[in-house]
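K.L.:
Let me give you the structure first, and then I'll get to my questions.
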Amino acid sequence: MLKDIEDKVSNEINEREKRLAEIEKVMSERRTEATKLFEETYVVAIEDLAAKDGTGKKYGKPKRIAQEKLRFEMTKCEKSQECVTNSLKELEKCYELYAQ
């Protein structure tokens, strides 16, 4: 009788160990799949963010180049505007002298 109980307990232990091994295997696979999906989504999100904001190695350099060109052109425009303003002031002085 005691032998029967020990056999049942032993069988139950074995079944539970098998079930536990199956559960661990399934959970490991799920964890691996979830991690892989997360990493793929993360890479895409970082790429989209870098493209949107113009940051990172791929998108940051063109943005900096464009900004530098814009600053250069703005400086040229400001200098040209200053020259035009000075020329208009000089022309106005000449006109006033001629009008008198």
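The values are calculated or read from the model by the stated rules, or taken from the named source; none is laboratory data. Model, not experiment: these values are computed from the prediction. Backbone-built Cβ (ideal geometry, glycine too); neighbour counts: all protein chains shown. We work out accessible area using only protein heavy atoms, side chains counted, and drop any ligands, DNA or RNA first. Shrake-Rupley method; radii C 1.70, N 1.55, O 1.52, S 1.80 Å.
K.L.:
Nearest 500 deg cm²/dmol is fine: what mean residue ellipticity at 222 nm does the chain get from its DSSP H runs of n ≥ 4 alone, each adding -39,500 (n - 2.57), divided by its residue count? If you can, show how the numbers build up before the last one.
P.N.:
Numbers: 2 runs with 96 residues, N = 100.
The helix contribution divided over the chain gives -36000 deg cm²/dmol.
K.L.:
Sticking with this one: Based on a Kirkwood Rh over C-alpha pairs, give the Stokes-Einstein translational diffusion coefficient of region 48-100 at 37 °C and viscosity 0.692 mPa s in µm²/s.
P.N.:
Taking Rh from Cα pairs, D becomes 231 µm²/s.
K.L.:
Excluding ligands and nucleic acids, what accessible area in Å² is computed for GLU22 using a 1.4 Å probe, to the nearest 10?
P.N.:
Accessible area, nearest 10 Å²: 100 Å².
K.L.:
Sorted by accessible area with a 1.4 angstrom probe, largest first, how do TYR42, TYR59, TYR95 fall?
P.N.:
So the residues, ranked largest to smallest area, are TYR95, TYR42, TYR59.
K.L.:
Would you indicate which of (1) 1.13; (2) 0.98; (3) 1.79 is the value of Rg/Rh (Cα atoms, Kirkwood Rh) derived from the coordinates of this structure?
P.N.:
Here the calculated entry is (3).
K.L.:
Could you go through region 5-18 in sequence order and give the Karplus-derived ³J(HN,Hα) for each residue, using 6.51 cos²θ - 1.76 cosθ + 1.60 with θ = phi - 60°, rounded to whole Hz, and x for Gly and Pro?
P.N.:
Karplus values, whole Hz, x for Gly and Pro: 5, 5, 5, 4, 5, 4, 4, 5, 4, 4, 5, 5, 5, 4.
K.L.:
In whole Hz and in residue order, list the ³J(HN,Hα) couplings for region 85-92 that follow from phi through the Karplus curve 6.51 cos²θ - 1.76 cosθ + 1.60, θ = phi - 60°; x for Gly and Pro.
P.N.:
My calculation for region 85-92 gives 4, 4, 5, 5, 5, 5, 5, 5 Hz in order.
K.L.:
Where the only charges are on Cβ atoms (+1 Lys, Arg; -1 Asp, Glu), what is the dipole of the chain about its Cα centre, to the nearest 20 debye?
P.N.:
The dipole of the chain has a size of about 560 debye.
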